[in-house]
Amino acid sequence: MAQKGVQVIAVEPGSLAEGAGIRPGDTLLEIHGEAVLDQLNYQFLITREDEAELRVQRPDGSTFEAFVENGGEGIGVDLAQDEVKVCKQNCVFCFVHQMPKGFRKSLYLKDEDIRLSFLYGHFTTLSSSDDAELDRIVRERLSPIHVSVHATEAQARIRVVGNPREGDILRKLDHLLAGGIDVHTQAVVAPGLNDGETWQRTLNDLWVRRKEGRGSVLSLSCVPVGLTAYRENLPVVQEVDPDFARDWVAMWAPAVRKYAKANGGEPWLLLADEWFTRAGIEVPGRAFYSRSWAQLENGVGLVRRFLEHSRRFIKTPRAKGFAGRRVLLLTGPSFAPTLNRVAAELNRTVGSHLRVVAAKNFSFGETVTVAGLLCGEDLKYAAHADRDAKGGRSDWVDAVVVPSASLRTHTGPTDQYTLRGVVVREEGAFLDDLTLPQLAEDFGVPTVPSGATLSHLLDHLEAADRGAFRGGSLQSSFHTAGLNLPQGAYNP
């Protein structure tokens, strides 16, 4: 985070900033004599006191001082996007290293940014965070953050992250915990690498750092390693096959309940849904998961939450909106059995005609089974095959539904963080840059994202009935829940 100050791109008319002589194109260098590092740091500094002393640089390089009585509030400026801090580690199962060639630039970015960890739940290994950055996390109260621990035993962690200087993750965690920062943790589990005794030690080390009051390890999730078909010249990593997944569930699902009981009933050890889908086992009931759905974005509880919503929705009068609809639901092989079961129940209840097709992932390899990594061409192939199987009629279905998680849209909760040189795609793009309108044109029938629930899906189908989304902003027509909403033009 070596940028010098933050550039002002707009000034609100009549604001304190305008009154202080600040103009678009200026750069905020210092507040209270401290360098402004980025937008998040600006928010911290500007709200610390009721008055702010500013040092500002003009585009010509000249500087001036300004004083504003802001009452601990903003001063009426919009600031330029910050660049993402990139990861310099070499984790043996890093997904970016397993990417095939030919995708857009941003897909090869490895972010290692504590700002994204705090704001949006991105996991960081902390490998690029020195003591000064850890102090910043504590000082600015960036809590909770999300940390990929992988292993707490030093040599095991070194094997995972590929950096001989980053084995002692507990030192960094303890630094944060002592400063009152809460941490959500995860371990990506690879057979023979960080399972067995190494995993047990990781579990024990993090459990004892769960405590009441300031600074606690709030949760630990375990996620099965994900491997693509593109691992040439990379370290050998064993895949999590169904047998391994079944053994893991048999051993650690009971432990989830044990730790929850010791944690006042709130689940602390979290098993990602993929353990169950890979094992071919039904996901557990609602009590197995955090009351707040902790680490939902990490794939913990997504299937159960969908089942819970669907069970309630099908009993409502609103479900009758699906009656008579002929809809093709495309998804990944992992989620297909769950979605097929729900679709069958909806069809029986309201007389709809929903069909589920599991789309194979030819882009990354068929070992990749999650819906969020399906590319547009994968979905196109699956839909064409289904249409051909139904006689090739252009009206073989009324609509096609694609997984919301497979779509990327540039507009996130903010547009603070960006990657230089990235092209923004407002209309919603898949990983291979095929867009939703292009897919709809190819299919010849309305094509909509799934949303996060059946209620969202029905809203989308009804919007398509009205002719919504003829290009333009994806979010103006559809629910954003389930969409991949990266920050700014940072669009992996």
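The values are calculated or read from the model by the stated rules, or taken from the named source; none is laboratory data. The shown structure was predicted, so the numbers you read here are calculated from the model rather than taken from an experiment. Cβ placement follows ideal geometry from the backbone for every residue including glycine, while neighbour counts extend to all protein chains displayed.
Couple of notes before you dig in:
- Here GLY324, GLY264, GLY299 are screened, and the one residue that is surrounded by 13 or more Cβ atoms within 10 Å (Cβ to Cβ) and among the small types (Gly, Ala, Ser) is GLY299.
To keep it simple, each residue is scored yes or no on (1) under 22 Å from the mean Cα position of the chain (by Cα); (2) crowded, with 19+ Cβ neighbours inside 10 Å; (3) within 26 Å of ALA323 (Cα to Cα).
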| residue | (1), (2), (3) |
| --- | --- |
| ARG348 | no, no, yes |
| ALA359 | yes, yes, yes |
| VAL368 | yes, yes, no |
| ARG393 | no, no, yes |
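- If the condition is being buried (at least 18 other Cβ atoms within 10 Å of the Cβ) and farther than 15 Å from LEU126 by Cβ, then the stretch 142-187 contributes GLU153, ALA156, ARG159.
- Here LEU28 qualifies as in contact with a helix residue (DSSP H, G or I) (Cβ under 8 Å, 6 or more places away or on another chain) and in a strand (DSSP E or B).
- Filter result for the condition that a residue is within 25 Å of the chain's Cα centre (by Cα), farther than 22 Å from ALA371 by Cβ, of a type in the set (Asp, Glu) and not assigned by TED's automatic domain parsing to the domain that holds GLU366, over GLU239, GLU266: GLU266
- Yes/no for GLN89 being touching a helix residue (DSSP H, G or I) at 6+ places or on another chain (Cβ under 9 Å), polar (S, T, N, Q), more than 25 Å from LEU28 (Cβ to Cβ) and surrounded by fewer than 21 Cβ atoms within 10 Å (Cβ to Cβ): yes
- Lone unmet requirement of (1) assigned to a loop (DSSP other than H, G, I, E, B); (2) within 30 Å of LEU40 (Cα to Cα); (3) free of Cβ contacts under 8 Å to residues at least 60 places away in the same chain for ASN194: (2)
- Taking each residue of the stretch 247-272 that is at positive phi and assigned to a loop (DSSP other than H, G, I, E, B) and looking for partners that are buried (at least 16 other Cβ atoms within 10 Å of the Cβ) and acidic (Asp, Glu) with beta-carbon atoms closer than 6 Å, six or more apart or interchain, yields nothing.
- Selection count, the stretch 288-308, where residues are charged (D, E, K, R) and at pLDDT below 95: 2
- Residue within the stretch 151-162 that is in a loop (DSSP other than H, G, I, E, B), touching a strand residue (DSSP E or B) at 6+ places or on another chain (Cβ under 8 Å) and either over 17 Å from GLN295 (Cβ atoms) or touching a residue at least 40 places away in the same chain (Cβ under 8 Å) (or both) present: yes
- Exclusive hit being assigned to a loop (DSSP other than H, G, I, E, B), buried (at least 20 other Cβ atoms within 10 Å of the Cβ) and at negative phi, set ALA343, ALA294: ALA294
- Here VAL357 does not qualify as in contact with a Ser or Thr (Cβ under 6 Å, 6 or more places away or on another chain), at pLDDT 95 or above and farther than 30 Å from HIS97 by Cβ.
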